[in-house]
Amino acid sequence: MNTTTSTANSVFHCTKVFSRNFCKFTQIRSNNINLNLFMAAEDKSFKYVILGGGVSAGYAARQFTKEGVKPGELAIISKEAVAPYERPALSKAYLFPESPARLPGFHTCVGSGGERQLPEWYTEKGIELLLETEIVEADLASKSLTSAAGATIKYDSLIIATGSTVIRLSDFGVQGADAKNIFYLREIDDADKLNETIKGKKGGKAVIVGGGYIGLELGAVLKLNDLDVTMVYPEPWCMPRLFTSGIAAFYEGYYKNKGIQIVKGTVATGFDSNENGEVKAVKLKDGRVLDADIVVVGVGGRPLVSLFKGQVEEAKGGIKTDASFKTDVPNVYAVGDVATFPMKLYNELRRVEHVDHARKSAEQAVKALKASEEGKTIDEYDYLPYFYSRSFNLSWQFYGDNVGDTVLFGDNDPTSSDPKFGTYWIKDGKVVGAFLENGTPEENKAIAKVARLQPPVENVDQLAKEGLTFASKF
Ligand SMILES: Cc1cc2nc3c(=O)[nH]c(=O)nc-3n(C[C@H](O)[C@H](O)[C@H](O)COP(=O)(O)OP(=O)(O)OC[C@H]3O[C@@H](n4cnc5c(N)ncnc54)[C@H](O)[C@@H]3O)c2cc1C
C-alpha cells in the first residue's frame, strides 16, 4: 500500500514495505535533500520470537501449536515477504518451464507430508507474522531486536533461525562479478528474478559456477528451460564433499548425455559484460572464455550469525547449542543452518545445512523450550544425517556419515535406462553411511536403517555383491 500526503514544503510517502506493523516514512523535501525518517515504527513484545521465517520457523510454529501457545504469544520475524516455505523447491520445481511450483503450494510443512500452513493458518493460531522485517540489531542481554524500520521487538524467549546466506564471488573480489544476469539463489525473490531472466534468454547460454547440489540442480533446470548449459568447478568431480568419484562419474555422465558441458579443474576469475552491464562471458583461470547470457553461482553458503557476534558462544562457524538447541544465553535457542549442535551418533559437534535437520531441530527446540517452562527436560536430539537431491529424473538420498572406505554397488552406467546404484561407507569395520540413487521408499528406509544401526562388515567384496540386499536384512 502506498499513501502520499502533500504539505507546503514536502511530500511524505508512507510505504508499507516492512509489514502491517512497521511503517517507514520517507520525506522528500523540495530542496532535493532526501531524508529518511523512521516514524510510527510500532514497538512490540512477545513471549516467544522466532527470528527468521524459513524452514525452521514454519516447523517451529507448528510445534508451538502442538505444545500449546496462546494467541499473541508468538511472532515470526522474516525479511522475506512470504510465510515460511519449503526452500528446496526454489532450485527444483519452482524453475520448471512447465507447471512450476508456486506459493501457496509449498508453504511449510508440506515438504514432510504435513499441513500446508498458509498465512491464514498463522492468523487463526494467533501467531504474528512480521514479514519484510529485517532485524539489523540484536541485544541478547536486554532481550530486544531492532528492525531496519527502527522498531523494537522484545521477547522472553528467542529462537534464532536466520539460516544461511550465499557466498558471493564479489566477496573474493572476482572481477566483473556484479554484472547483470549473474544470479545467486537463496530466497524466493532470487528465484523470481532468475525465472524472469530465464524466460527472456531461451536458447541462450548459461554458465553454472559451482559443482555442489545447487549447481547440479540448477544445471538441470536451466537445461529444461532450453538453455545451453556449461558447468564449471575446480574440483576433480562434482559434489566432492559427499560424492565419491564413482558416484560423481554417474551424474557427470548423465549430465553430459543431456547435453550439459562440464569444465572441471578451473575457476571463474572474471566476467565480461556488454554496454548494458549484462554479463556476456565468463573468464576462466585456465585461459578459456565461456560465452554466457546467464550465470548462476552456487559456491556455498555461510550461516547468518553476525547479529549475535560476541553475545553468544560460537563453534564451527555456527552458534553453539546443547542437544536441545539451547545456546549459552538463557532463553535463547538456535536451530537449522545456524546451529552447531552435539551429534550424538558421532559424538562430536556439527553444523548441518539441510532441510531435514532444519525441521527436526526446530521441533526439538520448541519441545525443549516448552518443557523447560515446567521444569522438565526432554530426550537429547539424536540425529541421523539425511540429505537428498533431485534433478532431471534422478533422485538420491544419503544417510549417515561419509567417512572411511567406500563400496560401490549396482548399476551406475549413466546410459542405462533405469540406473540404480549406491555406496556404503565403512569405518572401523562398520557401515556408517549409505547412498542410493533411484531408491524406492522402502529401499531408502533400509539404507537409513543401516546407517543408524552401523552393522559390522565381514567381507567387503560380499557387501559389494549384495548391494541393497545387505541393507534389506536389517
Ligand atoms: C535453493 C536451495 C535448495 C535447497 N535444496 C535442498 C535439498 O534439496 N535438500 C536439503 O536437504 N536441503 C536443501 N537446501 C537447504 C535447506 O533449504 C536449508 O538447510 C534450510 O532452509 C535451513 O532452514 P533455516 O530455517 O535454518 O534457514 P532458511 O530456510 O534459510 O530461513 C532463514 C530465514 O531467516 C530470514 N532472515 C535471515 N536473517 C534475517 C534478519 N536479520 N532479519 C529477518 N529475517 C532474517 C531469511 O530471510 C529466511 O527467511 C536448499 C537450500 C537452498 C537455498
- Average Cα contact separation per residue, the chain, under 8 Å, 6 or more apart, as relative contact order %: 12
- Of all DSSP beta bridges located in the chain, what percent are antiparallel, nearest 5? 65
- Note on the structure: HN-Hα couplings for segment 284-294 via Karplus (6.51, -1.76, 1.60; θ = phi - 60°), in whole Hz with x for Gly/Pro, come out as 9, 4, 7, x, 6, 10, 10, 5, 8, 9, 9
- Message: Need the C-alpha centroid separation for segment 301-319 versus segment 134-196, integer Å.
- Response: 14
- Task: Collect residues whose amide H, placed 1.01 Å from N in the peptide plane, falls under 5 Å from the amide H of V296; neighbours closer than 5 in sequence don't count.
- Result: F183, V207, I208, V209
- The distance between the Cα centres of segment 236-256 and segment 116-133, in whole Å, is 41
- Message: Need the C-alpha centroid separation for segment 354-429 versus segment 55-89, integer Å.
- Response: 23
- Message: If I stretch the segment between N347 and E196 completely, what's the gain in nm (0.36 nm per residue apart, minus their alpha carbon distance), one decimal?
- Response: 49.8 nm
- Give a residue-ordered list of calculated ³J(HN,Hα) values for segment 299-308 (Karplus: 6.51 cos²θ - 1.76 cosθ + 1.60, θ = phi - 60°; whole Hz; x for Gly, Pro). 10, x, x, 9, x, 8, 10, 4, 4, 10
- Query: Which ordering of S417, S144 is given by a fewest-first count of other beta-carbon atoms within 10 Å?
  - Reply: S417, S144
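For the residues C238, C109, what sequence is obtained by ranking on other C-beta atoms within 10 Å, fewest first?
So the residues, fewest neighbours to most, are C109, C238.
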- Query: Antiparallel DSSP bridges in segment 169-299: what percent, to the nearest 5?
  - Reply: 30
- Would you mind calculating the gained length between E278 and Q261 on full extension (0.36 nm times residue separation, minus the Cα-Cα distance), in nm to one decimal? 3.9 nm
- Query: If you take the square roots of the eigenvalues of the alpha-carbon gyration tensor of the chain and sort them as a ≥ b ≥ c, do you get rounded (a/c under 1.5), prolate (a/b over b/c) or oblate?
  - Reply: oblate
- Item | Shape call, segment 41-196: gyration tensor on alpha carbons, a/c limit 1.5 | oblate
- So what are the ³J(HN,Hα) numbers for segment 262-277, from phi and the Karplus equation (6.51, -1.76, 1.60; θ = phi - 60°), rounded to whole Hz, Gly and Pro as x? 10, 10, 10, x, 8, 10, 6, 10, x, 9, 9, 10, 8, 5, 8, x
- Query: How much space per residue, in cubic angstrom, does the convex hull of the C-alpha atoms of segment 61-131 take up?
  - Reply: 87
- Message: 5 Å is the cut-off here: which amide hydrogens, built 1.01 Å from N in the peptide plane, fall below it relative to V432, excluding neighbours closer than 5 in sequence?
- Response: W425, I426, K427
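Sort I378, I77, I160 so the one with the fewest other Cβ atoms within 10 Å of its own Cβ comes first. Mind showing how you got there, number by number?
Details: I378 14, I77 28, I160 32.
So the residues, fewest neighbours to most, are I378, I77, I160.
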- Item | Pairwise FRET efficiency - E458 versus D178, Cβ, R0 = 51 Å, nearest 0.05 | 0.35
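Only the coordinates and a few stated rules stand behind these numbers; no lab work does. The structure presented is a predicted model; accordingly, all values stated were derived computationally and were not measured. Ideal geometry is used to build each Cβ from the backbone, glycine not excepted, and the neighbour counts take in all protein chains shown.
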